[in-house]
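A.B. asks: One structure, pasted below without further comment.
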Amino acid sequence: MKHIPISGPWVTGREIDYVADAAANAWYGNANTYTGRFERAFAEYIGVGHAVAVPSCTSAIHLSLAALGIGPGDEVVVPDLTWIASAAPVMYVGATPVFADVDPRTWCLSGESFESVISARTKAVIPVHLYGGMPEMREIQAIAARHGIAIVEDAAEAIGSRYEGRLAGSFGDTGVFSFHGSKTLTTGEGGMLVTNRDDVLARVMVLRDHGRQPGDTSFVNTAYKYKMSALQAAFGLAQLERVGELVERKRRIFQWYTEALRGLDGIVLNDEPPKVVNSYWMVTVIVDAKLGLDKTHVIAGLAARGVTCRPMFSPLSSLPAFEDHPSRARARAANAVSYALGQYGVNLPSALNLDEDTVRYVADSLRAVLASGSGAA
Ligand SMILES: Cc1ncc(COP(=O)(O)O)c(C=O)c1O
């Protein structure tokens, strides 16, 4: 039986050549050449003033919150339906994540839910572009501006997505990206923090380098060590030079699924509202609750046919990690959309090496699993 992976990159000779060059030459006086090129090209691509390469998106969120001065006593609004890395850095800085519900169509933070959890202690919001979709960014920006709340835009999964023509990551006080091996643009592990704010950049540069000013040798405070190696930056630069075709391939894969699943009742795929271009990091299916098959059944049924899937994120407020969390009870009662999607959502194989025949096989397998009604093979 053929085994179909859930995710994976598209690597060409360009990446291999750049990394080989970095391995041979990016030392001594050239140690920062690739990192600098990657950062400048990334800022230009996103359309922002500054980009800082870091070891992961998690560290980019941590740096963003620290640079924005978020700390103990502050609350940070995070959508309930996201990867734990969107919320964990809020804990690192000693602040409190407050879980808000998502919109049933975009699967991203809803403006209404965001506004309903704002308190006098709310200092930041982390809208997440789930699986490449985007929330109503204008609404979120307007609410944040009205209440003096900073925006850390979690574009980990959304390189190449657009809202009203503008690229994801360019809307917040900071924008953050992941280059984990599963992502559309990868460096193996890695991330980027982007910002238009010179004051935020200045604090980020100190916080990411053990608390010292660039070029300084005195250490006034202790801080973090969040840097990307030249070898990763070389790989990332090559990927960035191909970002158009990487995003186009993701959109093509989604198109193949749309065609292959046409007419199948009881499922919904990722949405693309008129203002948005979705980069479809993960093609995701929500199975109608009426079919009586939750995500674990569907995943087991597909696994028996050699198809590797991944469960949609479970709401953060449902995780043991947040068991004693102050907003857990309210979130569990109020965030009905996150709980409904989280129970019935399945990420389908979305690797960049997929071909149309494989997508058809996955679609036929999904049809069979739903028809069997039990998820069993
Ligand atoms: C929404 C979201 N935020 C943050 C992250 C963290 O990214 P990283 O693994 O690069 O730290 C991820 C990673 O997959 C993610 O999906």
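The values are calculated or read from the model by the stated rules, or taken from the named source; none is laboratory data. Keep in mind the model is a prediction, meaning the values are calculated, not measured. Reconstructed Cβ throughout: ideal geometry from the backbone, glycine too, with neighbour counts over all protein chains shown. Note: areas computed on protein heavy atoms with side chains; ligands, DNA, RNA excluded. Shrake-Rupley method; radii C 1.70, N 1.55, O 1.52, S 1.80 Å.
A.B. asks: List pairs: first in segment 120-139 and acidic (D, E), second open to solvent by 10 Å² or more (accessible area, probe 1.4 Å) and part of a loop (DSSP other than H, G, I, E, B), Cβ under 9 Å, 6+ apart or cross-chain?
C.D. replies: E136/D103; E136/T106; E136/S110; E136/P273; E136/K275; E139/S110
A.B. asks: Would you mention how many residues in segment 337-365 are within 30 Å of F99 (Cβ to Cβ) and either open to solvent by less than 50 Å² (accessible area, probe 1.4 Å) or of a type outside the set (S, T, N, Q) (or both)?
C.D. replies: Count: 13.
A.B. asks: Right, here's the next one. Which count do you get for residues in segment 145-159 that are over 18 Å from V204 (Cβ atoms) and surrounded by 24 or more Cβ atoms within 10 Å (Cβ to Cβ)?
C.D. replies: Counting residues in segment 145-159 that are over 18 Å from V204 (Cβ atoms) and surrounded by 24 or more Cβ atoms within 10 Å (Cβ to Cβ) gives 3.
A.B. asks: In segment 182-197, which residue that is surrounded by fewer than 24 Cβ atoms within 10 Å (Cβ to Cβ) and away from the ligand (no atom under 12 Å from the Cβ) is nearest to H50 (Cα to Cα)?
C.D. replies: The selected residue is N196.
A.B. asks: Residues D364, D357: which one is touching a residue at least 12 places away in the same chain (Cβ under 8 Å), among the charged types (D, E, K, R) and more than 21 Å from H129 (Cβ to Cβ)?
C.D. replies: Result of the check over D364, D357: D364.
A.B. asks: Filtering segment 59-75 down to residues that are touching a Leu at 6+ places or on another chain (Cβ under 8 Å) and under 23 Å from P326 (Cβ atoms), which residue is least open to solvent (accessible area, probe 1.4 Å)?
C.D. replies: S64
A.B. asks: Looking at (1) surrounded by fewer than 24 Cβ atoms within 10 Å (Cβ to Cβ); (2) within 15 Å of the ligand (Cβ to nearest atom), find the lone condition where F235 falls short.
C.D. replies: Every condition holds for F235 apart from (1).
A.B. asks: So, one more: Look through segment 131-181, keep the residues that are away from the ligand (no atom under 16 Å from the Cβ) and part of a loop (DSSP other than H, G, I, E, B), and return whichever of them is nearest to C309 (Cα to Cα).
C.D. replies: This residue is E136.
A.B. asks: Let me ask you something else. Scan (1) surrounded by 15 or more Cβ atoms within 10 Å (Cβ to Cβ); (2) touching a residue at least 24 places away in the same chain (Cβ under 8 Å); (3) outside any loop (DSSP other than H, G, I, E, B) for the single condition R332 breaks and write down its number.
C.D. replies: Of (1) surrounded by 15 or more Cβ atoms within 10 Å (Cβ to Cβ); (2) touching a residue at least 24 places away in the same chain (Cβ under 8 Å); (3) outside any loop (DSSP other than H, G, I, E, B), only one is false for R332: (2).
A.B. asks: Assuming K123 fulfils every condition listed in (1) assigned to a helix (DSSP H, G or I); (2) away from the ligand (no atom under 16 Å from the Cβ) apart from one, which condition is it?
C.D. replies: Condition (1) is where K123 drops out.
A.B. asks: A further question follows. Specify the residue that is nearest to the chain's Cα centre (by Cα); the eligible residues are those in segment 139-191 that are β-branched (V, I, T) and over 20 Å from Y226 (Cα atoms).
C.D. replies: Residue satisfying both the conditions and the ranking: I159.
A.B. asks: In segment 99-112, what residues are out of contact with any helix residue (DSSP H, G or I) (no Cβ under 6 Å at 6 or more places or on another chain) and under 9 Å from V77 (Cβ atoms)?
C.D. replies: L109
A.B. asks: Also, quick follow-up: More than 16 Å from the ligand (Cβ to nearest atom), open to solvent by less than 40 Å² (accessible area, probe 1.4 Å) and under 16 Å from D173 (Cβ atoms) - does that describe any residue in segment 45-57?
C.D. replies: For segment 45-57, residues more than 16 Å from the ligand (Cβ to nearest atom), open to solvent by less than 40 Å² (accessible area, probe 1.4 Å) and under 16 Å from D173 (Cβ atoms): present.
A.B. asks: Which of the residues that make up segment 87-120 are of a type in the set (S, T, N, Q) and away from the ligand (no atom under 16 Å from the Cβ)?
C.D. replies: T96, S110, S113, S116, S119
A.B. asks: In addition: Look through segment 314-329, keep the residues that are of a type in the set (S, T, Y) and part of a helix (DSSP H, G or I), and return whichever of them is most open to solvent (accessible area, probe 1.4 Å).
C.D. replies: So the residue we want is S318.
A.B. asks: Checking the conditions here, which among N278, N270 is of a type in the set (S, T, N, Q) and either open to solvent by less than 10 Å² (accessible area, probe 1.4 Å) or at positive phi (or both)?
C.D. replies: Answer to the check: N278.
A.B. asks: Just to check your reading of the model, which residue among G373, G301 is buried (at least 22 other Cβ atoms within 10 Å of the Cβ), over 26 Å from A156 (Cβ atoms) and touching a residue at least 60 places away in the same chain (Cβ under 8 Å)?
C.D. replies: One residue alone meets the criteria, G301.
A.B. asks: Another one. Could you check, for segment 27-35, whether at least one of its residues is crowded, with 20+ Cβ neighbours inside 10 Å and closer than 29 Å to V200 by Cβ?
C.D. replies: Yes, some residue in segment 27-35 is crowded, with 20+ Cβ neighbours inside 10 Å and closer than 29 Å to V200 by Cβ.
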